[in-house]
Amino acid sequence: MDSKFFTYFMEFMVRDWFASIPILICSIFTDAVIIERYLYYQKNQRDISSFIHALQKDLEKNQLQAAQANCSKLGGVIGEVAEEGVRLMVEQKEDFSKAFDITVGLVTRKLEKNLAILGTIGATCPFIGLFGTVVGVVLTLDQLGVGGGGTPVVVTGVAKALIATGFGLIVAILAVIFNNTFTNTVKRFNDDFLLLKLLFMSFIGAEAAAQR
């Protein structure tokens with residue numbers, strides 16, 4: 001059974017190249033994006049619980065240089081945003097919220113990079129496979145009409161044609177699963193950025209109230 005399926009699959013890859021090549025390209029892009037994004041997120045993953053407390057203490061003591069040093073030490077996109085937030089607290093207190101949102105928006109673009117590729121592949125790959133199946137069934141029926149044959153010929157031809165749909169669905173399912181997973185990862189990063197923003201704005205508000 002396994003050897004027969006492998007034979008059918010290889011026949012599909014060669015005979016139905018108009019569908020197999022696009023799906024194969026989608027598969028390569030999917031694997032490349034999954035690996036690249038996974039490594040990027042792992043590289044930038046941080047536990048900010050203890051960092052938030054340390055940053056809060058530095059801000060309470062008005063030790064901004066120490067706060068920036070801790071942000072730089074944390075590293076990653078979270079450290080980058082936090083360090084920029086400390087700078088904006090000093091230089092743009094009045095427009096802090098807008099300036100901080102711009103910083104977060106730019107970093108979010110980095111986090112969302114290439115996710116659109118997974119979304120597009122997840123949406124289109126099943127249709128490419130279905131197209132290959134339709135063409136395969138048409139060719140099978142055409143051969144049946146020209147050369148004759150019975151039910152076994154039709155069943156075998158349809159079975160081979162359905163490989164296109166199966167291949168397309170496998171690639172699409174993989175793309176959709178990881179696209180959703182990575183989208184949730186980006187959301188968690190944005191939640192961390194929101195915590196930082198609330199922390200900074202609370203100190204800006206407290207400082208403004210003290211000056212009145």
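The values are calculated or read from the model by the stated rules, or taken from the named source; none is laboratory data. Keep in mind that what you see is a predicted model, and the values were worked out from it rather than measured. Quick reminder, even Gly has a Cβ in these numbers, built from the backbone with ideal geometry, and neighbours come from all protein chains shown.
The single condition among (1) surrounded by fewer than 13 Cβ atoms within 10 Å (Cβ to Cβ); (2) touching a helix residue (DSSP H, G or I) at 6+ places or on another chain (Cβ under 9 Å); (3) at pLDDT below 85 that VAL146 does not satisfy is (2).
The criterion of being within 19 Å of PHE51 (Cα to Cα), of a type in the set (A, V, I, L, M) and either in contact (Cβ under 8 Å) with a residue 12 or more places away in the chain or buried (at least 18 other Cβ atoms within 10 Å of the Cβ) (or both) does not hold for LEU115. Residues of region 129-143 that are touching a Gly at 6+ places or on another chain (Cβ under 9 Å) and either over 19 Å from ALA159 (Cβ atoms) or surrounded by fewer than 21 Cβ atoms within 10 Å (Cβ to Cβ) (or both): LEU130, PHE131, VAL137, LEU139, THR140, LEU141, GLN143. Just one residue in the set ILE52, ILE25 is among the β-branched types (Val, Ile, Thr) and farther than 30 Å from GLY136 by Cα; that residue is ILE52.
Note on region 28-63: residues that are in contact with a Cys (Cβ under 9 Å, 6 or more places away or on another chain) and at pLDDT below 95 total 2. Candidates in region 1-48 are the residues that are out of contact with any helix residue (DSSP H, G or I) (no Cβ under 9 Å at 6 or more places or on another chain) and of a type in the set (S, T, N, Q); of these, the one that is surrounded by the fewest Cβ atoms within 10 Å (Cβ to Cβ) is SER3.
I'm trying to understand the selection: among the residues of region 74-123, which are basic (Lys, Arg), out of contact with any helix residue (DSSP H, G or I) (no Cβ under 9 Å at 6 or more places or on another chain) and under 25 Å from ALA32 (Cβ atoms)?
Let us first name the residues in region 74-123 that are basic (Lys, Arg), namely 87, 93, 98, 109-110, 113.
Narrowing further to those that are out of contact with any helix residue (DSSP H, G or I) (no Cβ under 9 Å at 6 or more places or on another chain): 98, 109.
Scanning region 74-123 gives a single hit, ARG109.
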